[in-house]
Amino acid sequence: MIALFLAAFQIAAAQPTPAARPDSLVVKDATRTAAVALVPGRGGPLLRADALRPIVPLTVSHLTGERWMLIVNGTAIQVEQGSRFVKVGDESYQLAADADVRGGKLYVPLQLLAEVVPRVASNLVWDAQRFELRAFSTPTRNAERRDSEVVKPAPRVAATPAKASRGTSTTTPRRGDVTLAGQPRRARQLVVVDAGHGGVDPGMRGPIYGGPKIVEKDVTLDVARRVGAALNRRGIDVKYTRTTDTLIALDDRGRIANEAHADLFVSIHVNAANPNWKDPGGARGFETYFLSEAKTEDARRVEQMENEVVKFETRTSGPSSDALSFVINDMAQNEHLREANELADLIQTRLAKIHPGPSRGVKQAGFRVLVTAFMPAVLVEIGFGSNPADAAFMTDRKHVDEMSAAIADAVVEYLKGYERRVSTSLVAPRTDVLAPR
């Protein structure tokens, strides 16, 4: 903490004197320049946080009371109105001025942009002499900066497991040399396949009438194994959240994927009709979800059904479920939602070619199993176990192999498309890379 105080003092001393300080801050990237007005604050100049967009990829969120949060390149910075302390992870920084809220908008100290933000966002550089905040489309290297021009931020150190994963480089990655989860690239891509439910949690049972009797936890485990085998045959490494009939906490499933530095997370489930529907036994088809707020009554129904697993859990090693933790997790997921939506669409397209039931489309809901997976993550409802025809399809070996192959093909198609997008971004200039999400 003493070191942080000293760093704050050094930065404050290095900034221009009040007489020499401009009345605005210049924010620029390769194609755009904007001037952000500075206003007087208690202890020093302030600027409106959301005025940095669209040049700086930034999210401003009011949590509760006097607490606010900035998300800069996926990193959460906690700010409190009337306080000179900001928090990033487990570290606290003291600034020279208080944050303030005016007209419902958050105003942050200039020093936050000069000192803290460059520490947590490697593509942002503070130039003290020109009084500029520069945004780069790729992480900058210190060797490319002139010592006389910038204050070099301390390197951001990412948490890593005690033992590096096989094939994982420990060198600092460049853009294009990292996985979708932001970790150093392996020789082969890794997908975590999650079999829903398990152990004391059987999931749904069906069908409502006729057809083969099924238990969701058994079907999901069988399908997950077959999806994994199909991915292996296509050159993709696979990690399972479970390979036996055991209960894995919902929060732990995403944590398993995070610790493995997986590229994707795919959770397999079986749907069930609402018994209050006019013809519940007749409902059938497949749908794929990504993480976001449920928009329809049916999506909320599925969300509630799948999240009920927590009643079987006696503990969880995942993050706290308090409001602040949920906001942090939700914001950290935002950068992956567009990618997850695309993966979900590909899965629906592939399944439509072999599944006898109708495609119910790509949907979104707040599944707890997806909240803690900080990578593109989807949940696939492979059919209605309450429907005799869908139940027969999900238990027929030939059809299950076809379904597993379709999901694997969609994953491979997505990963290839992602690789093309990354390769294109490396050789062609982009003008939208810093557009707000």
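Here the Karplus relation 6.51 cos²θ - 1.76 cosθ + 1.60, evaluated at θ = phi - 60°, turns the backbone of the stretch 386-399 into coupling constants of 7, 9, x, 5, 5, 4, 5, 5, 6, 10, 8, 4, 4, 6 Hz, with x for every Gly and Pro.
Within the stretch 19-83, what whole-number % of the accessible surface is contributed by carbon and sulfur, with the 1.4 Å probe and all protein chains included in the calculation?
Details: 1450 of 2950 Å².
Here it works out to 49 percent.
Quick check for you: with a 1.4 Å probe and neighbouring chains kept, what is the accessible area per residue of the stretch 357-423, in Å²?
Working: 2070 Å² over 67 residues.
Accessible area per residue, the stretch 357-423: 31 Å².
Could you tell me whether the stretch 40-123 comes out rounded, prolate or oblate from its Cα gyration tensor? Rule is a ≥ b ≥ c as square roots of the eigenvalues, rounded for a/c under 1.5, then prolate if a/b exceeds b/c, otherwise oblate. If you can, show how the numbers build up before the last one.
On the way: a/c = 1.28, a/b = 1.19, b/c = 1.08.
Rounded, because the longest to shortest axis ratio a/c is under 1.5.
Each residue of the stretch 85-90 is assigned a 3J(HN,Hα), and the resulting list reads 9, 10, 10, 10, x, 8 Hz, derived from the Karplus form 6.51 cos²θ - 1.76 cosθ + 1.60 (θ = phi - 60°), x at Gly and Pro. A 1.4 Å probe, protein heavy atoms only, puts the accessible area of Trp68 near 30 Å². Quick one: net charge around Lys213, please, counting Lys, Arg +1 and Asp, Glu -1 for every other residue with C-beta under 15 Å from its C-beta. Around Lys213, the surrounding residues sum to -3. Other residues with beta-carbon under 11 Å from the beta-carbon of Gly43 carry, at +1 per Lys or Arg and -1 per Asp or Glu, a net charge of 0.
Give me the number: length gained by fully extending Thr349 to Glu402, i.e. 0.36 nm times residue separation minus the C-alpha to C-alpha distance, one decimal in nm. Walk me through the numbers on the way to the answer.
Values: separation 53, 0.36 × 53 = 19.08 nm, distance 1.37 nm.
Full extension of this stretch gives 17.7 nm more.
Please give the net charge around Glu297, taking every other residue with its beta carbon less than 15 angstrom from that of Glu297, where Lys and Arg add +1 and Asp and Glu add -1. Show your work: numbers first, answer last.
Details: positive: Lys278, Lys295, Arg300, Arg301, Arg360, Lys363; negative: Glu287, Glu293, Asp298, Glu303.
Taking every other residue near Glu297 into account, the sum is +2.
If R0 equals 35 Å, the separation of the Cβ atoms of Arg42 and Gln129 corresponds to a calculated FRET efficiency of about 0.85.
The values are calculated or read from the model by the stated rules, or taken from the named source; none is laboratory data. Keep in mind that this is a model prediction, so the values were computed, not measured. Virtual Cβ from ideal backbone geometry, glycine too; neighbours counted across all protein chains shown. These accessible areas exclude ligands, DNA and RNA; they are computed on the full protein's heavy atoms, side chains included. Shrake-Rupley method; radii C 1.70, N 1.55, O 1.52, S 1.80 Å.
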